[in-house]
Amino acid sequence: MPESSTFARRIIDWFEHNRRDLPWRRTYTPYQVWISEMMLQQTQMDRAVPYFERFVARFPDVHALAAANEEEVLKLWEGLGYYSRARNIARAARIVAESGGEFPRSRAELTALPGIGPYTAGAILSIAYNEDEPAVDANVERVYARVFDIDAPMAEREAKARVRELAAQLLPTGESRIYNQAVMELGALVCTPRAPRCDTCPVSEDCEARRLGIVAQRPVPGRKKDIVPLEVATGVLVRDGRLFVQKRPEGQVWAGLWEFPGGTVEAGETPQQAVVREFDEETGFTVSVREPIAIVRHGYTRFRVTLHCFLLDMADASAEPHLTAATEYRWATPRQLDELAFPAGHRKLMDLMRGDIRFTHLFRI
DNA sequence: AAATCGTGGCA
DNA sequence: TTGCCAAGATT
């Protein structure tokens, strides 16, 4: 075990010289720290920054956010993924605003808010309030797994407990704001998953995995889950210059986001047959394929999706939809579509159509 | 405990 | 092209 105060000091000194300039590192208001940490869950820093800027510009404090409607919050989250984070943020803002607007300052109160777990609570307590609380994320786990040669996968409770214990022990009193960020920054910039830059690491002398030459084997990888290829068909139905979209219900992927109807291509079925069947099942509309638009590839969670997209015609232009897979529908102009939040694959589809001479006329409204 | 929830960048 | 992974939370 390295001497804890010099260990922490070396990491803090390194951080002072290498920290990235970030918008939420300017004032450390609890609200901004909270928003940034929610955005950073399972998301890399560079990707979150522009979302953060837009979000706090539109909702500068917890009261503004509490008054927001969920649609607008989701629109600001579009493309970031894990949309329950956005819905939880809106819910938590209402809870905080109703109890006076003061952001909680204890781990128990923070964890009670939707979307805030052990890591985010520790991050808010330390970064916003400088309370002596550890904040253990994947960066911290990786750094400590290497420095202390933890030989069990982080998925195991014992390994997690060991890291948490170390994080609490090594935390220099009164410096959690800087130390917790410093360890995470070290993990993000130096002690990286692949090709770590041990030659520039401030604690390489203390690193047991480096001494043993097994840095690449720490942390021990957990069981990897298979990626499942998925064929999906979706259709763009146009009537009087407006496109048919529906809103996804709660309790499933992309809850609260809008989409073009569609679904998985079943065995023995062509994508064309699938989109006709799915439209019938989800809307009651009888449609036919006018022409293929594009094939969009994207992934989500453990799936790799090949999205077959078609332009459709309706048999009965005056038919009313009977929704079975959505809470709401709209015939929307392209301009109106831009105000709604879509999953990335469907947003890609729209972008492709706009850039395709065959379909630009549909997007002139 | 293990699955689920998104997305894009990287090698 | 495919697999890996990221400032995790929830059920």
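The gain in end-to-end length when the residue A:19 to residue A:82 segment is fully stretched comes to 20.0 nm, 0.36 nm per residue minus the alpha carbon separation. When the accessible area of chain A is split by element with a 1.4 Å probe, what percent falls to carbon and sulfur? So the carbon and sulfur contribution to the accessible surface is 49 percent.
Counting only protein chain heavy atoms and rolling a 1.4 Å probe, the accessible areas of A:46, A:21 rank, largest first, as A:21, A:46. Taking the inverse of the mean 1/r over every pair of distinct Cα atoms in segment A:4-217 gives a Kirkwood hydrodynamic radius of 18.0 Å.
Extension gain for residue A:44-residue A:5 works out to 11.1 nm (0.36 nm per residue, less the C-alpha to C-alpha distance).
Couplings 3J(HN,Hα) for segment A:123-134, derived from phi with the Karplus relation 6.51 cos²θ - 1.76 cosθ + 1.60 (θ = phi - 60°), are 5, 5, 4, 7, 6, 7, 10, 6, 6, 6, 10, x Hz, where x marks Gly and Pro. Each label point was placed 7 Å from the Cα along the Cα-to-Cβ direction; for residue A:328 and residue A:91 their separation is 1.8 nm. Between residue A:155 and residue A:335, residue separation times 0.36 nm minus the direct Cα-Cα distance comes to 60.3 nm. For residue A:227, the shell of other residues with beta-carbons less than 12 Å away shows a net charge of +3, using +1 for Lys and Arg and -1 for Asp and Glu. Normalised by residue count, segment A:228-363 yields a Cα convex hull volume of 102 Å³ per residue. Of the beta bridges in chain A, as assigned by DSSP with both residues counted there, near 70 percent are antiparallel.
Spatially, segment A:71-149 and segment A:215-270 are offset by 27 Å when compared through their Cα centroids. Summing charges over neighbours of residue A:177, with a neighbour being any other residue whose Cβ is under 11 Å away from its Cβ, gives -3 when K and R count +1 and D and E count -1. Summarised in one figure, the compactness ratio Rg/Rh of chain A, Cα atoms and Kirkwood Rh, is 1.05.
Summing charges over neighbours of residue A:16, with a neighbour being any other residue whose Cβ is under 15 Å away from its Cβ, gives +2 when K and R count +1 and D and E count -1. Build a GNM of chain A with springs between Cα atoms under 10 Å apart, and of A:123, A:48, A:155 the one that fluctuates most is A:155.
State in Å² the accessible area per residue of chain A; use a 1.4 Å probe, count heavy atoms of protein chains only, and round to the nearest integer.
Numbers: 17960 Å² over 365 residues.
Using a 1.4 Å probe on heavy atoms only, each residue of chain A averages 49 Å².
Starting from the amide H of residue A:299, placed 1.01 Å from N in the peptide plane, find each other amide H under 5 Å away whose residue is 5 or more places distant or on another chain. Here A:305 satisfy the definition.
The values are calculated or read from the model by the stated rules, or taken from the named source; none is laboratory data. Remember, predicted model here, so these are calculated numbers, not experimental data. Neighbour counts run over all protein chains shown; Cβ positions are idealised from the backbone, glycine included. Accessible surface is based on the protein model in full, side chains and every heavy atom, while ligands, DNA and RNA are left aside. Shrake-Rupley method; radii C 1.70, N 1.55, O 1.52, S 1.80 Å.
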